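A short worksheet on the structure shown next.
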Amino acid sequence: MFSEDQAFSLLKRRIFLDRGLDCEQYKENYLKRRVAVRIRATGARDYLDYLRMLRADPEEYTRLMNELTINVTQFFRDPDVYTKLKENVIPDLIKAKARMSSRTLRVWSAGCASGEEPYSLAILIEQALGHESKRWNVRVLGSDFDDKSLAVAKSGIYQDLEMLTGVEAASFFDITEKSEGTFFTVKDETRRRVRLEKINLLEEGQARHFDLVLCRNVLIYFGRKVQTRIIENLSKSIVRDGYLILGKSETLGSEASAMFRPVFPRERIYQLTSEGSAGRTAPGRADRGTDG
């Protein structure tokens, strides 16, 4: 007979094996509270009973993932990740481009929901380029499979705004006060750099020579085999020495880990290895002289 703690450990282990969600990233009490919500909703007697339900009903996994991740999108979500982007990753990409006499930078926000992530990326790149920004061909692709989320993203209008330290909202947003509250509209210069598309990550054929791909808090909704397939598809879209960023509770998995080396493991920032990029072009060479 398992104790409650042993049963909870079994549940966490099963979630990791089936969905790749690293439950150890959460505080124990938080995790137990979120799981308890689903236990009550399903009428399960305890952790073991709920584990049996999970294994019998894949849809319950989706509901549990929603409960655990509380899929909130916001500008500069996980500031420590964006700080690494601002201070390390983006400057590194810009320097690599300069060495190759290229002024083209391509970024993909896969699973962008209502658009905060691709706009956040465009803002950081603009800020990093400074007065040279207009001379660069920066293309940020934001993709999702949900039409309603993409409609919000295309509007470029938001009410909740959390900026990263050192980034001024007024530089990138038109701010309007209305009776319903404060509205922030992404400025035209930033919006022109962002393209939004409906893309199914399970389908191949998305290879577009990206220097940086973010796919955060998406993999947890799929089983391990599908996760590996998605990462393999994403790797085909990344140029040699390009970067992949996952959600902070996600892992590459053993099969995909050989394709990437961890650059900042805590922030889940990886760089494509020579094995993962066999025959691929380094950042800049494939796009020199193109218009994106």
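Here are a few things to note about the model shown:
- Of all the criteria given as (1) farther than 30 Å from D147 by Cβ; (2) touching a helix residue (DSSP H, G or I) at 6+ places or on another chain (Cβ under 9 Å), the one not satisfied by F75 is (1).
- Lone unmet requirement of (1) at negative phi; (2) surrounded by 18 or more Cβ atoms within 10 Å (Cβ to Cβ); (3) in contact (Cβ under 8 Å) with a residue 24 or more places away in the chain for F173: (3)
- Residue match in region 55-72 (condition: of a type in the set (G, A, S) and surrounded by 17 or more Cβ atoms within 10 Å (Cβ to Cβ)): no
- Every residue from region 16-37 that is modelled with pLDDT of 90 or more and either buried (at least 19 other Cβ atoms within 10 Å of the Cβ) or of a type in the set (A, V, I, L, M, F, W, C) (or both): V35, A36, V37
- The set of residues in region 213-229 being surrounded by 19 or more Cβ atoms within 10 Å (Cβ to Cβ) and among the aliphatic types (A, V, I, L, M) consists of V213, L214, V218, L219, I220.
- Restricting attention to region 242-259 and to residues that are more than 16 Å from the chain's Cα centre (by Cα) and under 18 Å from I220 (Cβ atoms), the residue that is surrounded by the fewest Cβ atoms within 10 Å (Cβ to Cβ) turns out to be S254.
- Qualifying strands (runs of 3 or more DSSP E) (wholly inside region 116-190; at least 2 residues being in the same structural domain as H209 (by TED's automatic domain parsing), more than 19 Å from the chain's Cα centre (by Cα) and not hydroxyl-bearing (S, T, Y)): 173-178, 181-186
The values are calculated or read from the model by the stated rules, or taken from the named source; none is laboratory data. Computed from a predicted model, the values in this text were never measured in an experiment. Neighbour counts run over all protein chains shown; Cβ positions are idealised from the backbone, glycine included.
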